[in-house]
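Novice: My questions will all concern the structure given below.
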């Protein structure tokens with residue numbers, strides 16, 4: 001067993017024990033994960049998702065949610081790559097800062113986003129580049 005695989009299994013096992021979830025075999029979830037066991041876990045504002053890591057959260061949508069071209073937010077995968085996980089925000093002070101390699105830095109409040117911009121609705125594809133990496137041959141690195 002490779003080091004990465006060991007840590008993945010240890011995290012899944014610890015997470016499933018911590019949340020009291022049921023460990024399901026791959027064929028029960030319909031996921032192409034090389035017959036590894038995975039945990040279906042609860043996450044705030046989400047239906048049960050497949051957990052590969054809890055720090056940082058790395059949760060995958062089960063295959064059965066893909067019955068239409070749109071995935072509901074409570075079924076959408078979770079990836080978090082930052083060190084701190086926000087548990088709440090203050091809508092009165094929340095803002096988004098856009099800086100770095102841009103011509104003009106911006107700091108936009110949540111109020112401005114809601115009131116000063118045209119609301120649009122757009123269907124788009126958003127996919128993590130690591131989706132189904134265990135199905136690749138050879139297996140791609142990372143989680």
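The values are calculated or read from the model by the stated rules, or taken from the named source; none is laboratory data. For clarity, every value in this text was computed on a predicted model and none was experimentally measured. With ideal geometry, Cβ positions are generated from the backbone for all residues, glycine too; neighbour counts draw on all protein chains shown.
Novice: Would you confirm whether or not the stretch 124-135 contains a residue that is surrounded by fewer than 10 Cβ atoms within 10 Å (Cβ to Cβ) and modelled with pLDDT of 85 or more?
Specialist: The initial filter retains those residues of the stretch 124-135 that are surrounded by fewer than 10 Cβ atoms within 10 Å (Cβ to Cβ), namely 124-127, 129.
Checking which are modelled with pLDDT of 85 or more leaves us with 124.
Looking through the stretch 124-135, at least one residue is surrounded by fewer than 10 Cβ atoms within 10 Å (Cβ to Cβ) and modelled with pLDDT of 85 or more.
Novice: So, one more: Does the stretch 81-105 hold any residues that are over 26 Å from residue 45 (Cα atoms) and within 27 Å of the chain's Cα centre (by Cα), and which are they?
Specialist: Of everything in the stretch 81-105, those that are over 26 Å from residue 45 (Cα atoms) and within 27 Å of the chain's Cα centre (by Cα) turn out to be 98, 99, 100, 101.
Novice: Can you pull out every residue in the stretch 112-123 that is touching a strand residue (DSSP E or B) at 6+ places or on another chain (Cβ under 9 Å) and either surrounded by 10 or more Cβ atoms within 10 Å (Cβ to Cβ) or under 23 Å from residue 81 (Cα atoms) (or both)?
Specialist: 112, 113
Novice: Among the residues of the stretch 95-111, write down those that are assigned to a loop (DSSP other than H, G, I, E, B) and out of contact with any strand residue (DSSP E or B) (no Cβ under 7 Å at 6 or more places or on another chain).
Specialist: 99, 100, 101, 102, 103, 104
Novice: May I pose another question? In the stretch 35-62, what residues are assigned to a loop (DSSP other than H, G, I, E, B) and either without any contact (Cβ under 8 Å) to a residue 24 or more places away in the chain or more than 23 Å from residue 124 (Cβ to Cβ) (or both)?
Specialist: Answer for the stretch 35-62, where residues must be assigned to a loop (DSSP other than H, G, I, E, B) and either without any contact (Cβ under 8 Å) to a residue 24 or more places away in the chain or more than 23 Å from residue 124 (Cβ to Cβ) (or both): 35, 36, 44, 55, 56, 61.
Novice: Here's something else I'd like to know. Mind listing just one residue for me: the one in the stretch 63-80 that is within 10 Å of the chain's Cα centre (by Cα) and assigned to a loop (DSSP other than H, G, I, E, B) and, of those, farthest from residue 46 (Cα to Cα)?
Specialist: If we take residues in the stretch 63-80 being within 10 Å of the chain's Cα centre (by Cα) and assigned to a loop (DSSP other than H, G, I, E, B), then 80 is farthest from residue 46 (Cα to Cα).
Novice: Run down 81, 88 and say which single residue is touching a residue at least 24 places away in the same chain (Cβ under 8 Å) and loosely packed, with under 13 Cβ neighbours inside 10 Å.
Specialist: Values: 88 fails: touching a residue at least 24 places away in the same chain (Cβ under 8 Å).
None of the other options fit; the residue is 81.
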